[in-house]
Amino acid sequence: MADSQWVDWTKTTQSKNYRGSGSFATFMIVGPVCFFLGILFASFPYDFPLLWTSDPVAPSYYDQLETHLRFVHQSPPLIARLLNIIMTVGFLGFFIKLFRPSEANVLFDGASLVLYVIGAGVYIANIVKGMRAVSAGVWHTEDFKGIAHDGPLTGEIVLGREDSLRVLSASNTILALVLVGVLVLQAGQWYAERREAEDNKKADQADKEAAERKASASAGSGGSGKKRQ
């Protein structure tokens with residue numbers, strides 16, 4: 001029964017096969033996360049007027065933002081493939097760390113994987129979908145009038161240009177917060193490992209000092225016994 005459990009409860013942060021914050025798998029996770037955060041940071045100047053200020057946005061700004069997003073979405077296919085590969089590297093890092101994981105891996109890496117999956121869902125469902133709408137120019141067709149349904153009776157709702165661009169900017173912010181959460185959890189794992197190592201070192205030092213005191217006490221009692229004889 002114990003062999004069928006996917007969590008190795010006997011594994012600790014001191015085990016040789018423990019994949020912690022210093023492992024290469026952690027680098028496979030942190031690298032893609034920082035890469036995507038850099039892309040989102042580069043998009044922040046475009047998102048700021050739509051979300052983080054109450055000043056009115058000029059119509060020309062929407063045209064400029066739409067041109068920028070269309071240029072990004074219509075980039076060569078190699079760019080999209082590289083993004084998919086980098087995202088896959090992150091998933092691979094999680095799978096490596098969660099293979100026969102310890103309790104620490106389940107807590108920190110499991111929660112990080114959940115956030116990473118949420119981020120991938122936001123990217124695919126909102127960001128990619130919004131950029132496809134921008135690239136297709138659905139708001140500049142003659143048939144589009146405000147909020148519309150993509151279908152005769154049912155289907156997805158297509159918002160207006162301003163609302164869609166705001167949703168896209170909000171999705172970038174949500175994705176950034178999710179990725180920051182992954183970094184916080186990985187940093188928390190490093191801190192927990194460091195504290196545990198310090199506690200173990202203090203405990204070993206205390207045991208060593210206690211053993212030395214016991215040895216010196218026994219040696220002293222043995223010497224006094226010989227003098228009495």
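Run the simple label-point estimate for Asn84 and Ala217 please: 7 Å along Cα→C-beta, distance reported in nm.
7.0
About the Cα centre, and with charges only on the beta carbon of Lys, Arg (+1) and Asp, Glu (-1), how big is the dipole of segment 18-183? Nearest 20 debye, please.
Magnitude of the dipole: close to 640 debye.
Given 37 °C and 0.692 mPa s, how large is the Stokes-Einstein diffusion coefficient of segment 18-183 in µm²/s, with Rh as the Kirkwood radius over Cα pairs?
Value of D from the Cα-based Kirkwood radius: 186 µm²/s.
Taking the Cα centre of segment 12-94 as the origin and placing charges on Cβ (Lys, Arg +1; Asp, Glu -1), which of Ser60, Pro45, Ile85 is farthest toward the positive end of the dipole?
Most positive-ward Cα: Ile85.
Work out the charge dipole of segment 18-183 with +1 on the Cβ of Lys and Arg and -1 on the Cβ of Asp and Glu about the Cα centre, then indicate which of Val106, Phe71, Gly181 is farthest towards its positive end.
Farthest towards the positive end: Val106.
Using a 10 Å cut-off on Cβ atoms, rank the peptides 70-80, 108-118 from the highest mean neighbour count down.
Result, highest mean Cβ count within 10 Å first: 108-118, 70-80.
Read-outs throughout are calculated quantities, based only on the coordinates presented, and are distinct from any laboratory measurement. Quantities reported herein were computed from a predicted structural model and do not represent experimental measurements. Glycine gets a Cβ as well: all are built from the backbone with ideal geometry, and neighbour counts include every protein chain shown.
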